[in-house]
Amino acid sequence: MRVATDHPKHPQHRERAASLLLVRLVMAEKTEGKSSPFSFSFTSPNSECNLRSSPETKPVMSGKGKTIIAPPTFTISSSQNACPSSEESPWRQVDWSAGRASVETIRSYAPAPDSVPAARVLLVGPVGVGKSSFINSIQSVFYGRVVNRTMVGTCLNSSVSFTKQLQSYQLYSSRERVDESMALVLSDMVGLGETNGLTLHDTLAVIKGHVPDGHTFSACCPVVSDTPGYVKEPSLAEKVHCVVFVVSGLEISSYSDTMKSTFHQLREHISALGVQQVAVLTHVDKVCAKTARDISQVYNGLLLKQAMLKVGDLLGMPLSSIVPVKNYSEELELDPHTDTLLLGALNHILQSVDLYLRDHPERGSAERAVSSASASS
């Protein structure tokens, strides 16, 4: 027998109310001549409590020679990191059967301007959040097996970024034809941190298209016009069309005020450039036990929604700009539901790229025309 009830505000009040209700229900069943044991459970935002009666109750002789039924004994157990459902239906809809169709759609993606051969996407985030793993996971989906194109650090909480340079990866549509590339380039660079040398100036220089691929960042050597390979007049194709902020669900509550300030400064300057921005929440399987067992439950619980709301607060972004993913890190085989989340995130990113290119279709050409006119005069 299972009973639903409103839970009081404080844990001790919840347990007291549950205990009293359990005793009343047991005694009611005994009065009606029933003897089957039952359990009672309730959930709170961070835990689930289960109360179970003893398998049987025994008659006890009172002092007046009458037989009475002793109240049953019961236990209370709680499960931390449970992922209670916020409602019967998911709070965000996903077509979990659209995996292969999404693969083909993205394979055939092409930016609208003919002058832009590929969408350029820059991944930005703290050390160890899974930027390189995200690139590997996306490429794995199109290869049909788990691959590791980028070098990934092994220590999640390391304060040292494994990636030292600006590294751009042209994605390939399949493993059979390595010369068949997609119109998508994902760029990775050193992780954001308080002491690792990556500055706001250098990050914006990358977004503007001034920094050559392979450039090694250093706090003592900021990107300037004399930097080897510096692109003085980047074309629209050389600029970043979408910035993806990558944040770990495991670290979302521990980022410092300094990191939060860094994010907000970055977003303010990137927005001034008119560049679209998306946030990706990684390690979602580590946030909620239910999601760890079944990734398709990602939109069915409160814990992950709360984590995404924290990402929105950290970055100053609306929930509609934030997508959760699970990167491939331990697996050797692909999982269809994991693929669906990754493809959904990638599709969201490409939609943002299209918005940027639609808003800036002629800017690159206009800038080059002005520069050419100035040079000829």
Could you work out the relative contact order of segment 230-362, using alpha carbon pairs under 8 angstrom and six or more residues apart, expressed as a whole percent? 29
Between S89 and T227, what length comes free when the chain is fully extended (0.36 nm per residue of separation minus the Cα-Cα distance, one decimal in nm)? 44.3 nm
Carbon and sulfur: what percent of segment 217-307's accessible surface (1.4 Å probe)? 49
Cβ-defined net charge surrounding V244, 14 Å radius [Lys, Arg +1; Asp, Glu -1]: +2
Highest first, please rank the peptides 325-332, 259-266 by the mean number of other Cβ atoms sitting within 10 Å of their residues. 325-332, 259-266
Could you provide, to the nearest whole Å², the per residue accessible area of segment 190-271 with probe 1.4 Å? 45
What number comes out for the charge environment of V146, summing +1 per Lys or Arg and -1 per Asp or Glu over other residues with Cβ under 13 Å away? -1
Counting only other residues whose beta carbon sits under 12 Å from that of E333, what net charge do I get with K and R as +1, D and E as -1? -3
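The values are calculated or read from the model by the stated rules, or taken from the named source; none is laboratory data. The structure displayed is predicted, hence computed values, not measured ones. Because the Cβ atoms are built from the backbone with ideal geometry, glycine has one as well, and the counts that use them run over all protein chains shown. The accessibility values were calculated without ligands, DNA or RNA, using every heavy atom of the protein model including side chains. Shrake-Rupley method; radii C 1.70, N 1.55, O 1.52, S 1.80 Å.
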